[in-house]
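Some notes on the structure that comes next.
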Amino acid sequence: MAQPKKSSRPTSRLSAVAFAVLFALLGAACEDFYSDSLPTPQIALPTPANLQEGDPEDLVEAGARTAMAAALGISADAPRKILLQHATWTDRAPGCYPPPPGVSGPYLVPGYRLLMQYEGVFYEYDADLGGETGALCDFTTQWVSVEPALDIVTVNLEGSARPDFFTVYILRSEEDVAAFNSTNSEIATIAAGVVDWTVELLVGGWVNTGPYTEAVRAYHLPAGPQAGIDAAPIFIEVAVPENLADTANDIPSQTWVLIDITKPDSTYQFIGMRQ
């Protein structure tokens with residue numbers, strides 16, 4: 001019997017130890033990604049001479065705000081920060097990051113992908129680890145229809161007390177529902193024969209926003225080599241309803257949503273918001 005697909009979600013911050021692991025993995029990936037007949041990619045990292053003072057993530061956000069203010073003619077304080085992720089820009093998947101000066105041939109640039117929002121439109125800003133160089137992407141994100149699955153999923157509260165924030169459950173068929181109910185009943189139970197699997201799928205996971213979390217909106221970034229993304233990542237914003245905002249706190253909450261089908265290889269990530 002088919003098993004419902006699990007998807008791992010990226011975290012927004014990495015420790016210094018994780019940085020070391022990241023660079024080690026990048027080095028190993030280079031050996032597999034480029035054949036022996038191709039030159040070894042150069043890894044472009046910030047040097048002490050061009051590092052700016054301050055938290056790199058704050059510098060990236062400041063750069064994004066400045067770029068959006070110039071492009072849209074708005075105040076730099078107007079956009080809303082949505083999500084910051086670590087990313088790696090290469091000659092084959094440069095994203096919107098400008099090619100590093102003085103580097104010819106294959107290259108790797110560890111950096112950041114920052115998602116910002118202004119008046120319902122989402123913008124991506126790609127930068128390096130030092131926050132010194134970055135660029136605002138020409139494209140914007142697209143909305144995806146999403147709604148809470150309150151009448152379909154019965155959550156096991158004891159299961160929510162032991163959350164797995166790195167797993168997202170993706171169910172695409174009645175077979176997935178049967179498999180989930182037989183192996184994950186300690187987490188939740190899903191009603192059978194309710195979802196129209198030809199147009200939507202069921203996605204579940206955990207967020208730290210407090211009880212009674214519901215889906216607010218969903219959107220996706222473009223996929224492809226230029227964006228530096230193989231699949232089409234879909235972000236699902238969830239929040240406690242306004243009438244229950246006083247109960248919001250940073251305790252785990254299991255949430256499930258019905259979302260329109262986009263691409264078979266799409267990945268999903270929940271983002272906890274405050275109304």
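Rule-based calculations on the coordinates, nothing more; no lab input. Since the model is a prediction, treat every value here as computed from it, not as a measurement. Backbone-built Cβ (ideal geometry, glycine too); neighbour counts: all protein chains shown.
Counted residue by residue at 0.36 nm each, then reduced by the alpha carbon distance between them, the extension gain from E186 to D58 reaches 42.1 nm. Ordering D55, D164 from the fewest to the most neighbouring beta carbons within 10 Å gives D55, D164.
Can you give the FRET efficiency to the nearest 0.05 for L150 and E175, using r as the Cβ-Cβ distance and R₀ = 30 Å? Present the calculation step by step, with values, prior to reporting the outcome.
Details: r = 23 Å, r/R0 = 0.77.
The computed FRET efficiency comes out at 0.80.
Each part gets one Cα centre, and for the range 153-194 versus the range 107-133 those centres are 34 Å apart. Residues whose amide H falls under 5 Å from that of I82, counting only those 5 or more places apart or on a different chain, are L115, M116, Q117, with hydrogens built in the peptide plane. Here the simple spin-label model places points 7 Å from the Cα toward Cβ, and for K263 and L72 these points are separated by 2.5 nm.
Which order do V203, V177 fall in if you start with the one that has the fewest other Cβ atoms within 10 Å? Mind dumping the intermediate values first?
Working: V203 28, V177 22.
Fewest-to-most ranking of V203, V177: V177, V203.
Grab the Cα-Cα distance for R92 and T198, subtract it from 0.36 nm times how many residues apart they are, and report the gain in nm with one decimal. Provide the component values of the computation, followed by the final result.
Working: separation 106, 0.36 × 106 = 38.16 nm, distance 3.45 nm.
Extra length from R92 to T198 when fully extended: 34.7 nm.
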